[in-house]
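Worksheet for the structure shown next.
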Amino acid sequence: MTSRQVRMLHRSCLAPRTLTWRSAPAAVLSSPTTPHAPRFTSSSTQEPPKIKALIFDVDDCLYPVTNNFTNHRLHEVVIKFMVDELGLPDAESAQELRAPYFKHYHSMYKALSVAASEGALPPLPDGTARSFTGEKLSAYYATHCRFADFIARDDGLLAALTSLKEDAGLRLLICSNGPRAYCLRVLETLGVRRCFADVDIFAVDDLAPACKPEAAAFAKVLRHAGITNPAEAVMFEDSMKNVRAAKALGLRTVLLLPDPDAYSNGQADAPDPSDGAVDVVLPEARDVRELLPCLWKGTWDPPVRK
Ligand SMILES: [Mg+2]
């Protein structure tokens with residue numbers, strides 16, 4: 001560990017913007033769809049696998065949860081969508097229907113798809129069952145979310161991602177439970193759309209019928225990237241469900257946590273930096289250059305904090 005890293009880790013014990021290192025066992029995935037892959041621990045004679053791909057969640061990951069965009073989308077926009085398009089009589093009943101489904105699926109696209117299949121949506125005026133199409137939600141998000149009011153262009157993130165791609169030679173991918181048209185708007189608003197090839201962006205429409213945290217969703221992205229050993233990939237996430245699922249498959253994990261107090265109101269799936277599935281805690285994705293320099297060497301060799 002360099003003296004600079006020692007100072008950084010020492011500061012992290014005191015400052016709210018913490019970096020937490022944990023030992024990360026290497027693992028292999030015996031089958032792309034195996035939810036819990038057999039693991040092995042690297043021996044001293046084995047070279048740890050090189051990092052080849054970085055997989056990023058979008059919401060509350062590429063931008064900090066503290067900007068309140070997610071709160072705007074999940075409460076203001078989704079509730080209005082359910083009243084405008086799904087026949088809910090008012091915001092209160094929409095919220096009542098939304099809460100348990102979202103808590104379970106952590107994706108409105110998936111949550112409303114399941115709600116429709118279970119007959120939980122109000123019937124159409126002629127009494128027939130109401131259907132739900134993800135395309136409608138995707139288009140509604142893309143046109144009704146006030147992106148620029150909450151998300152700022154992030155030149156620091158752009159510089160870091162560009163360098164990871166061009167200087168470090170890593171493949172950058174997106175794996176999100178948000179709809180594709182919406183995800184593209186977020187990436188454009190952040191100014192990082194150019195960092196991700198079209199084919200490397202997996203929104204919930206691309207992952208369907210699975211979505212995170214289902215193993216099949218992660219496996220689809222890994223297969224696409226040609227990753228046969230998940231320890232060659234790093235998953236950047238704010239959702240504990242997804243961090244745990246990624247770790248169960250053997251991926252390296254980075255938990256985004258800008259401010260623990262941002263999750264203090266009983267929010268579902270709140271980040272837990274003490275969870276054993278978390279390898280590293282980053283305040284914001286843009287901090288990757290300063291706090292995870294090992295990625296530029298294609299390695300995953302963070303020092304273990306005592
Ligand atoms: Mg997220």
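Read-outs: derived from the displayed coordinates by stated rules, not from any lab. What you see is a predicted model; the values in this text were computed from it and never measured. Note: ideal-geometry Cβ built from the backbone for every residue, glycine included; neighbour counts use all protein chains shown.
Between Lys241 and Asp301, the modelled label-to-label distance comes to 3.8 nm, taking each label 7 Å out from Cα in the direction of the beta carbon.
Quick one: grab the alpha carbon gyration tensor of region 143-246, order the square roots of its eigenvalues as a ≥ b ≥ c, and give me rounded if a/c is under 1.5, else prolate or oblate depending on whether a/b is larger than b/c. Oblate, since a/c reaches 1.5 and b/c is not below a/b. Residue separation of Ser131 and Ser163 scaled by 0.36 nm, minus their Cα-Cα distance, works out to 7.1 nm of gained length.
Each peptide in 122-131, 244-253, 156-165 receives the mean, over its residues, of other Cβ atoms within 10 Å, and ordering these scores from highest gives 244-253, 156-165, 122-131.
Measuring between alpha carbons in the structure, the pairs from Lys80/Lys247; Lys110/Lys165; Lys103/Lys136; Lys52/Lys103; Lys136/Lys165 lying more than 27 angstrom apart are Lys80/Lys247; Lys110/Lys165; Lys52/Lys103; Lys136/Lys165. Computed on region 69-148, with alpha-carbon pairs under 8 angstrom and 6+ residues apart, the relative contact order is 31 percent.
Sorted by average packing, counted as other Cβ atoms within 10 angstrom per residue and highest first, what order do 51-58, 200-207, 114-121 take?
Details: 51-58: 22.8, 200-207: 21.2, 114-121: 14.8.
Those peptides, ordered most packed to least, come out 51-58, 200-207, 114-121.
Note on region 69-148: the C-alpha convex hull projects to 5.0 nm² when averaged across all orientations.
How would you rank 214-221, 166-173, highest first, on the average number of other Cβ atoms within 10 Å across their residues?
Details: 214-221: 21.2, 166-173: 15.8.
Per-residue mean Cβ counts within 10 Å order the peptides as 214-221, 166-173.
By other beta-carbon atoms within 10 Å, ranking Arg193, Arg286 with the fewest at the front produces Arg193, Arg286.
Ordered by the count of other Cβ atoms within 10 Å of each Cβ, fewest first, Lys50, Lys241 give Lys50, Lys241.
Here the convex hull built on the C-alpha positions of region 119-192 has a volume of 110 cubic angstrom per residue.
Sorting Met108, Met235 on the 10 Å Cβ count, fewest up front, what's the list?
Going from least to most buried by this count: Met108, Met235.
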